[in-house]
Amino acid sequence: MMKLSCRDMGTDCDFVAKGETAQEVKEKMMAHANADHMDMMKNMSEDEKADMMKKMDEKMMSE
Ligand SMILES: [Zn+2]
């Protein structure tokens, strides 16, 4: 099981995305971000989004 905390992405949010694979966790985090952090997402450039995807890989933990 992999997990990634939204707080690790620089937010003040208790959401934690979990999944069997890194891909699944990233999809859940993106869906969450698009739903709950729309203001943050809409102000991000493509470069910043790419950085965020990289950060997700770095912060992801397996349990
Ligand atoms: Zn969040």
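The values are calculated or read from the model by the stated rules, or taken from the named source; none is laboratory data. Bear in mind that the values here come from a model prediction, so they are computed numbers and not experimental data. Positions of Cβ are generated from backbone atoms using ideal geometry, with glycine treated the same way; all protein chains shown enter the neighbour counts. These accessible areas exclude ligands, DNA and RNA; they are computed on the full protein's heavy atoms, side chains included. Shrake-Rupley method; radii C 1.70, N 1.55, O 1.52, S 1.80 Å.
Summary table below
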| item | result |
| --- | --- |
| Answer residue from the range 49-62, given it is under 11 Å from Leu4 (Cβ atoms) and loosely packed, with under 11 Cβ neighbours inside 10 Å and is farthest from the chain's Cα centre (by Cα) among those | Ser62 |
| Hey, Lys42 within 11 Å of the chain's Cα centre (by Cα) and among the basic types (Lys, Arg) or not | no |
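So that you can scan it fast, the table gives a plain yes or no per residue for (1) outside any strand (DSSP E or B); (2) open to solvent by 30 Å² or more (accessible area, probe 1.4 Å); (3) away from the ligand (no atom under 16 Å from the Cβ):
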{"position": "Cys13", "(1), (2), (3)": "yes, no, no"}
{"position": "Val25", "(1), (2), (3)": "yes, no, no"}
{"position": "Lys28", "(1), (2), (3)": "yes, yes, no"}
{"position": "Ala31", "(1), (2), (3)": "yes, yes, no"}
{"position": "Ala35", "(1), (2), (3)": "yes, yes, no"}
{"position": "Met41", "(1), (2), (3)": "yes, no, no"}
{"position": "Asp47", "(1), (2), (3)": "yes, yes, yes"}
